[in-house]
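Worksheet for the structure shown next.
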Amino acid sequence: MTKILVVDDEKPISDIIKFNLTKEGYDVVVAMDGREAIELFESESPELVLLDQMLPELDGTEVLRQIRSHSQTPVIMVTAKDSEIDKVLGLEMGADDYVTKPFSNRELLARIKANLRRQTPMAGPASNGDDSGDIKIGALTIHPDAYMVSKNGVDIELTHREFELLHHLAKHIGQVMTRDDLLQTVWGYDYFGDVRTVDVTVRRIREKIEDTPSHPQILMTRRGVGYYLKANED
């Protein structure tokens, strides 16, 4: 049974979320503050976290930072804040998704299912990879079976969403993908956010794979259109 950690200090809200998720067959544990969230994350090892931004003890941003310091478990930020800067902050810190209160149960379930699907390593050969399915782009190697990326033999830690985006672009080397296309194909459902989500995720990937993120040589921008991975030069 898939375990989900719900972190929300408003008991009526956490009770409703727990009730609805339990009906869907999930095993749900609830934390009422940031410190309890960290403790339950370590002891319960959930497959996904629903994390409120405004929490006592430790706020959601700090909880997310501590989770991301050693785990790539999918995290969906659930908050009453709806300004662009709050959304960007959550994504910059490594959140995989973002929902704003009030939200519908249908929307929340769609996001949970999509993020859990993304947690499962992908199978099948890559179009431009070797026999192992690895995709090589200069010094960068994408390992789909291991859900890992390395550069010059050194592993690079990516979130699930970052890996999915990079892997999708790698399967279409040189092909420019619009932000809307990436939202549909990588986020995996009718995403309720905006295209800024793609820009933030691309920036985080560049910070990890590029020698000079401000002058990328791998993950390129086609201004006014979208993003693509640069093909290896012969």
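The values are calculated or read from the model by the stated rules, or taken from the named source; none is laboratory data. Computed from a predicted structure; not experimentally measured. In this analysis, Cβ positions are derived from the backbone assuming ideal geometry, glycine residues included, and neighbour counts consider all displayed protein chains. Areas reflect the complete protein model, heavy atoms only, side chains present, ligands, DNA and RNA absent. Shrake-Rupley method; radii C 1.70, N 1.55, O 1.52, S 1.80 Å.
General observations
- Qualifying residue in region 9-16 (condition: over 27 Å from Arg106 (Cβ atoms) and open to solvent by less than 60 Å² (accessible area, probe 1.4 Å)): no
- Residues located in region 22-32, provided they are in a loop (DSSP other than H, G, I, E, B) and surrounded by fewer than 18 Cβ atoms within 10 Å (Cβ to Cβ): Glu24, Gly25
- Taking every residue in region 207-234 that is farther than 12 Å from Leu140 by Cα and in contact (Cβ under 8 Å) with a residue 24 or more places away in the chain and pairing it with any residue that is exposed (fewer than 14 other Cβ atoms within 10 Å of the Cβ) and among the aromatic types (Phe, Trp, Tyr), at least 6 positions away or on another chain, yields no pair with a Cβ-Cβ distance below 6 Å.
- Output for region 17-53, where each listed residue is free of Cβ contacts under 8 Å to residues at least 12 places away in the same chain and more than 24 Å from Arg68 (Cα to Cα): Phe19, Thr22, Lys23
- Beta carbons closer than 9 Å, at least 6 apart along the sequence or on distinct chains, pair a first residue in region 97-117 that is more than 16 Å from Thr22 (Cα to Cα) and in contact (Cβ under 8 Å) with a residue 24 or more places away in the chain with a second that is of a type in the set (Gly, Ala, Ser) and open to solvent by 40 Å² or more (accessible area, probe 1.4 Å) for Lys101/Ala80.
- Region 112-145, subset modelled with pLDDT under 85 and more than 19 Å from His172 (Cα to Cα), residue surrounded by the most Cβ atoms within 10 Å (Cβ to Cβ): Asn115
- When His172, His167 are screened for being surrounded by fewer than 17 Cβ atoms within 10 Å (Cβ to Cβ), at pLDDT 90 or above and of a type outside the set (A, V, I, L, M, F, W, C), only His172 passes.
- Flag for Leu50 being open to solvent by less than 60 Å² (accessible area, probe 1.4 Å), at pLDDT 95 or above and assigned to a helix (DSSP H, G or I): no
- Just so you know, in region 195-215 the residues that are surrounded by fewer than 19 Cβ atoms within 10 Å (Cβ to Cβ) and touching a Lys or Arg at 6+ places or on another chain (Cβ under 7 Å) include one that is farthest from Gln175 (Cα to Cα), and it is Pro213.
- The strands (runs of 3 or more DSSP E) located wholly in region 129-169 that include 1 or more residues which are under 20 Å from the mean Cα position of the chain (by Cα) occupy 140-143, 148-151, 154-156.
- Residues of region 1-21 that turn out to be within 14 Å of Lys113 (Cα to Cα) and not in a strand (DSSP E or B), as a count: 4
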